[in-house]
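Report on the structure given below.
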Amino acid sequence: MPPLAYRDHVEACNEVLAKVLASRIEDRGTVVKMLKRSYEARGIEPLRGWSAQDLYDKEMALLYALGKHGLGLSFFEYPFLTKVFSKEVACEEAYRDVLAGAPIEAAIRERLGEFTQEGVFRMLRLAVSLVVLSFEPEGNLAKVFQRAYQELSSLRQNLFSFMRFYIALRTAERIASGEVRSRSEKEAFKLALCLRMGASRMAPPDDLIKLVSRSVFKVAEGRLARMFAEA
């Protein structure tokens with residue numbers, strides 16, 4: 001079951017999926033616009049870090065994860081969904097190939113048609129969506145991330161930033177749910193997660209955690225000010 005911190009995101013996605021199925025919408029751009037309207041109506045933003053580029057197209061990974069793994073939607077029963085989620089289907093196939101031992105570059109090229117930086121990070125974002133919704137063990141994401149860091153030396157700085165985003169997201173999630181209530185608890189959770197992910201030197205700055213808390217989870221400014229102002 002997805003954590004309560006994602007309740008608004010889950011409700012928004014379920015609303016969009018219901019409309020897509022009812023009207024048999026197969027145009028991806030239309031669905032992206034629907035998702036944006038549904039999020040804006042709830043005052044939330046997609047899972048994000050510093051960058052706000054193409055946020056809603058990237059957030060289709062969360063919609064896909066909920067549809068396929070949450071609601072159990074069959075693409076055989078609803079074949080038009082293959083057009084809507086063509087990127088996510090390919091990214092999940094590549095992700096599964098990597099978990100099974102395939103080199104990342106080969107898996108991306110085989111499933112997405114070519115090897116690109118965008119393909120790598122869409123695959124990782126798909127994995128993050130599955131993990132945060134409790135559809136995939138976090139250890140699998142750590143495994144694929146470490147493989148990417150080892151195999152794709154030219155992307156290490158980008159991978160560093162991606163892991164900072166993931167750790168900030170999970171920390172903000174715990175702040176939003178009330179599981180992390182103080183600066184010391186925030187530091188302890190963040191550092192423990194860094195160790196679990198094999199990313200001991202990739203802890204995100206407080207400003208990024210605050211951005212994610214505010215934008216993604218609607219954590220009140222006063223609450224954030226009190227938490228981050230503690231000595």
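Miscellaneous remarks
- Filter result for Glu92 (in contact (Cβ under 8 Å) with a residue 24 or more places away in the chain and of a type outside the set (Lys, Arg)): yes
- So Ala65, is it under 14 Å from the mean Cα position of the chain (by Cα), at pLDDT 95 or above and either outside any loop (DSSP other than H, G, I, E, B) or surrounded by fewer than 15 Cβ atoms within 10 Å (Cβ to Cβ) (or both): yes
- So Gln150, is it closer than 15 Å to Leu99 by Cα, over 14 Å from the mean Cα position of the chain (by Cα) and among the polar types (S, T, N, Q): yes
- Within the range 184-224, considering residues that are among the acidic types (Asp, Glu) and touching a Lys or Arg at 6+ places or on another chain (Cβ under 9 Å), the one surrounded by the fewest Cβ atoms within 10 Å (Cβ to Cβ): Glu221
The values are calculated or read from the model by the stated rules, or taken from the named source; none is laboratory data. None of the values given here were measured: they were computed from a predicted structure. Methodologically, a virtual Cβ is constructed for each residue, glycine included, from the backbone with ideal geometry; neighbour enumeration extends over all protein chains shown.
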